[in-house]
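The values are calculated or read from the model by the stated rules, or taken from the named source; none is laboratory data. All values derive from a computational prediction rather than experimental measurement. Heads up, the Cβs are rebuilt from the backbone with ideal geometry, glycines too, and the neighbour counts pull from every protein chain shown. Ligands, DNA and RNA are excluded from the accessible area calculation, which covers all protein heavy atoms including side chains. Shrake-Rupley method; radii C 1.70, N 1.55, O 1.52, S 1.80 Å.
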Amino acid sequence: MNFRKLLFTLIITHLSVALFGQTGEIRGFVYDKVNRSPIYPAAVYIHGGLGGAYTDANGFYSITGIRPGKYQVSAISNGYDTMTQTIEVTSGTVVKIDFYIKQVQTVLTIATVNVDRIKDTTKTKIAEITITQKQLTYIPTVGGEPDLVQYLQVLPGVVFSGDQGGQLYIRGGSPVMNKVLLDGMTIYNPFHSIGLFSVFDADIIRTADVYSAGFSSEYGGRISAIVDVKTRDGDRAGLKGKVNLNTFTSKVLLEGPLKNKKSDKISNVSYVLSYKNSYLNKTSNLFYKYVGDGQLPYSFGDLYGKLSFNSNSGSYLKLFYFDFNDLVDFKNTTSYQWKSNGFGGKFLMVPEGTKTVIDGFFAYSDYNIEQKETDSKPRSSGVNGFNMGLNFGYFYPKSKLRYGMEINGFKTSFQIYNAANRRITQDQNTTELATFINFESKPSIRWIIEPGIRAQFYASLGNTSFEPRIRAKYLLTQRLRIKSAVGLYSQNLMSASSDRDVVNLFYGFLSGPDELPEYVGNKDVTHRLQKARHFVTGFEVDVDKISTVNIEGYVKDFTQITNINRDKIYDDNPENASKPVYLRSDYVVETGLAYGYDITYKREKNGLYLWLVYSYNNVSRYDGIRTYSPHFDRRHNANVVTSYATGKNKDIEINLRWNFGSGFPFTLTQGFYENLTFGSGLSQDYRTSNGDFTVVYDDINRGRLPYYHRLDASVKKTHVLKKDGKPSDSKMEFIVSCTNVYNRKNIFYFDRVHYQRINQLPIMPSVSASYVF
């Protein structure tokens with residue numbers, strides 16, 4: 001019987017291969033006709049409803065299973081002319097056709113709808129949002145320049161903890177549980193201390209894919225979310241650039257070809273170089289003195305450079321370098337700085353005549369952070385190392401197979417003092433190996449399924465994690481679609497911060513420790529990894545041709561989390577062996593649960609963009625003793641974003657964003673006392689000695705701060721410069737913007753020692769001027 005089954009399987013496989021061999025494939029790239037940059041999103045389709053595909057971030061498409069014959073094939077994208085070519089397909093061949101399409105001044109709504117609907121009906125798109133460079137401009141440009149961090153804050157399930165020292169929390173996960181990638185490199189700290197800015201220059205971002213839960217097997221090493229940022233190439237047609245100056249930052253961007261393009265068939269090399277810096281610590285004394293003397297001591301600098309080597313086959317090699325730094329100096333209280341730099345590359349190979357696509361990446365980065373305070377207990381942390389990967393893709397009729405491998409090696413070192421003033425240190429080398437298989441298929445007109453599995457081996461811990469995952473969508477109709485995702489996830493990296501720290505400028509990292517407590521509550525600790533299980537389900541509805549509603553519910557079950565032990569008061573040595581483990585261990589094992597739902601409405605037509613989001617989130621942690629809400633547990637969060645282009649040539653753009661959120665949890669103060677340490681011995685006279693001022697805390701995070709809301713706005717005017725009496729490629733952009741328009745006094749934290757409320761940023765207007773050439 002087993003032999004018959006094997007024989008039957010071999011026959012079916014042989015027939016399938018033979019049938020597949022009788023068809024052909026059309027593949028290639030879709031490029032901008034002027035600067036030769038890949039276009040994403042774009043749709044390529046065969047006339048007569050005989051097949052179609054959606055370009056990836058490289059502008060690459062593949063249509064398989066095409067019977068021999070001649071076809072009319074077109075490429076469309078929002079803001080571009082439609083281009084049609086006649087193509088002849090023969091049995092068993094791969095026909096490569098590239099499209100070079102031209103931008104148009106008038107955006108056709110029908111093109112926008114077609115491209116979006118093709119992706120909606122051919123991809124699972126569960127807990128997934130792709131941010132384009134154009135979308136970044138819809139957010140009010142606080143400080144005069146659009147920024148990725150400002151757009152991330154309006155995504156469903158995303159909570160932002162504050163204007164100063166703020167971090168992003170995605171659907172119940174802390175920042176260390178989110179992997180942020182820049183062209184394949186892991187960026188350990190993507191956000192500056194003043195939470196209005198990230199390290200990414202919006203003008204060089206091609207796309208940013210945000211997976212808030214249930215992501216595919218292609219990504220690993222984190223248990224909450226993925227933010228995958230991809231930069232664009234430099235312009236391949238000629239020298240271009242931008243100079244910006246505003247009251248928060250300044251920026252210079254240069255790009256162009258190193259080898260001029262002479263035809264569509266010649267290889268070329270291009271570059272892009274960007275540097276931006278903030279001098280808010282200087283300008284605040286002039287423009288924002290009302291905030292308070294020395295209350296905005298922020299400065300940073302971000303340098304990014306990229307070289308792109310492109311061949312006429314679509315293959316490429318891209319090399320990049322980055323150097324990011326951040327400096328904060330609150331006089332007589334605390335100083336804080338971090339620096340991150342690295343280099344790497346990514347490549348794509350598209351062998352002609354085969355159905356295989358190969359891509360990979362390699363990178364090295366170094367991140368160091370230090371915070372000094374008046375208590376002479378400096379905090380420091382560093383993580384440096386490399387990561388590389390190699391992936392293979394195969395295209396079949398109505399399906400795609402992708403598999404690959406990855407290696408990640410890094411060293412962590414840190415020093416920190418917990419809430420009980422106990423010093424905790426670690427120095428450790430870590431190696432992680434991973435492999436994955438992911439299969440995308442549309443087996444019928446209604447089903448889209450994406451099963452996969454990932455295997456992660458953590459060499460330093462001696463643990464292996466097998467992580468099956470599946471994402472699926474069912475098309476009830478072309479306008480109503482149901483989708484779900486389930487998966488297992490793991491990670492080793494942990495944060496050196498504490499959940500007690502409402503204000504937490506210091507964000508260091510360390511590897512998962514070798515020694516952990518044996519139990520969390522009454523549950524055995526059988527491994528040393530942090531793990532989570534995700535479940536996401538929802539549906540999307542096309543209300544009409546220009547608007548969509550998306551509703552998703554999620555559960556993240558964090559089955560094991562490692563944290564710094566905030567309750568440690570004893571050294572872990574033989575003398576203290578009789579003390580409870582939770583009072584002497586450096587680390588504590590926790591479990592957690594996050595669940596909630598999001599409702600999103602999007603509408604876009606004729607220069608009007610509307611984005612409405614409501615999110616409900618419920619996050620809890622259990623450390624074996626107590627169940628508590630972490631400081632980022634914002635139950636209700638709403639965002640309204642609108643952008644309107646007006647004027648004779650749509651040269652005036654008005655952007656508004658209003659955010660409303662329920663209060664964060666915080667730890668209440670029970671009282672104060674004078675702590676005498678008897679440092680001089682038992683003979684010390686307590687009647688004349690002065691002790692330390694000490695706070696008596698309530699149990700962790702049992703209080704709630706007031707509700708938060710804020711309105712930001714900006715107006716941009718674009719003036720196209722003329723040359724010889726005709727409009728040129730150069731232009732001037734002027735922006736007037738304002739954060740916290742109605743000057744809402746949102747609480748940031750409460751200074752317990754001085755018994756003083758500290759608010760987040762007040763109203764802060766700004767002006768900006770840019771020259772684009």
Worksheet item: To the nearest Å, what is the center-to-center distance of segment 510-554 and segment 687-758, using C-alpha atoms only?
Response: 30 Å
Worksheet, complete the sentence: Expressed as a whole-number percentage, the relative contact order of segment 651-773 with C-alpha contacts under 8 angstrom and at least six residues apart is 25 percent
Worksheet item: When all protein chains stay in place, what accessible area (Å², nearest 10, 1.4 Å probe) is found for residue 177?
Response: 10 Å²
Worksheet, complete the sentence: Largest first and rounded to whole Å, the semi-axes √(5λ) derived from the alpha carbon gyration tensor of segment 362-463 read 43, 15, 13
Worksheet, complete the sentence: Once normalised by the length of segment 124-264, the mean sequence separation of its alpha carbon contacts under 8 Å that are 6 or more apart gives a contact order in percent of 25 percent
Worksheet item: Tell me, what is the FRET efficiency for residue 133 and residue 431 to the nearest 0.05, using R0 = 45 angstrom and their Cβ-Cβ distance as r?
Response: 0.80
Practice prompt. Filter the DSSP H helices in the chain by two things, a Kyte-Doolittle mean of at least 1.0 and an axial alpha-carbon span of 27 angstrom or more, and list the hits by number.
Written response: 2-21
Worksheet entry | Cα-Cα separations in segment 173-225 greater than 15 Å, expressed as whole percent | 53 percent
Discussion item. On a full-extension model of 0.36 nm per residue, what is the gain between residue 476 and residue 636, subtracting their alpha-carbon distance, rounded to one decimal in nm?
Written reply: 54.5 nm
Worksheet entry | Relative packing of 247-254, 145-152, 457-464, 618-625, which averages over residues the other C-beta atoms within 10 Å, highest first | 145-152, 247-254, 618-625, 457-464
Response to the item:
With a ≥ b ≥ c from the Cα gyration tensor eigenvalues, square-rooted, and the rule rounded for a/c under 1.5, otherwise prolate when a/b > b/c and oblate otherwise, segment 151-309 is oblate
Worksheet, complete the sentence: The ³J(HN,Hα) series, computed from each phi in segment 395-409 with the Karplus coefficients 6.51, -1.76 and 1.60 at θ = phi - 60°, rounded to the nearest Hz and given as x for glycine or proline, is 10, 10, x, 6, 7, 8, 10, 9, 9, x, 9, 8, 10, 9, x
Worksheet item: When the accessible area of the chain is computed with all protein chains present and a 1.4 Å probe, what percentage of it is carbon and sulfur?
Response: 57 percent
Response to the item:
Counting only residues 5 or more apart in sequence or on a different chain, those whose built amide H sits under 5 Å from that of residue 730 are 721
Practice prompt. State to the nearest 20 debye the size of the charge dipole of the chain about its Cα centre, where the only charges are +1 on K and R beta carbons and -1 on D and E beta carbons.
Written response: 2520 debye
Worksheet, complete the sentence: Largest-first ranking of 732, 405 by accessible area, probe 1.4 Å, whole protein assembly kept, is 405, 732
Response to the item:
The rounded separation in angstrom of the Cα centers of segment 115-179 and segment 635-662 is 15 Å
Worksheet item: Counting alpha carbon pairs within less than 8 Å and at least 6 residues apart, what relative contact order, in whole percent, applies to the chain?
Response: 10 percent
Discussion item. I need the P(r) histogram for segment 488-617: all alpha carbon pairs, bin width 10 Å from 0 out to the longest distance, whole percents.
Written reply: 10, 28, 25, 17, 12, 6, 2, 0
Worksheet, complete the sentence: Quick note, segment 181-261: a/c under 1.5 would make it rounded; otherwise a/b > b/c is prolate and the rest oblate (a ≥ b ≥ c, C-alpha gyration tensor); here it is oblate
Practice prompt. Per DSSP H run of at least 4 residues, take -39500 (n - 2.57); add these up for the chain, divide by its residues and hand me the 222 nm value, nearest 500 deg cm²/dmol.
Written response: -2000 deg cm²/dmol
Discussion item. Less than 20 Å from a label point 7 Å out along the Cα-to-Cβ axis of residue 291: which backbone N atoms in segment 135-152 qualify, by residue?
Written reply: 140-151
Worksheet item: Which residue, chosen from 187, 215, 197, occupies the Cα position most advanced towards the positive end of the dipole of segment 166-223, where the dipole is computed from +1 (Lys, Arg) and -1 (Asp, Glu) charges on Cβ about the Cα centre?
Response: 215
Worksheet item: Rolling a 1.4 angstrom probe over the protein heavy atoms, how many square angstrom per residue are accessible across the chain?
Response: 43 Å²
Fill in: Heavy-atom accessible area order for 355, 398, 102, largest first, 1.4 Å probe
398, 102, 355
Worksheet item: chymotrypsin sites (Phe, Trp or Tyr not before Pro) within segment 714-765: which are DSSP loop residues with at most 10 other Cβ atoms inside 10 Å?
Response: 742, 755
Fill in: Sites residue 82 and residue 372, calculated FRET efficiency, Cβ-Cβ separation with R0 60 Å, nearest 0.05
0.50
Worksheet, complete the sentence: In terms of the alpha carbon gyration tensor, root eigenvalues a ≥ b ≥ c, rounded if a/c is under 1.5 and otherwise prolate when a/b exceeds b/c or oblate, segment 122-214 is rounded
Discussion item. Please give the Cα centre distance for segment 302-377 versus segment 39-63, rounded to the nearest Å.
Written reply: 30 Å
Practice prompt. Report the charge-dipole magnitude of segment 182-240 in Debye, nearest 20, computed about the Cα centre from +1 at each Lys and Arg Cβ and -1 at each Asp and Glu Cβ.
Written response: 40 debye
Response to the item:
Note: segment 277-384 at 10 °C, 1.306 mPa s; Kirkwood Rh on alpha carbon pairs; Stokes-Einstein D in µm²/s works out to 92 µm²/s
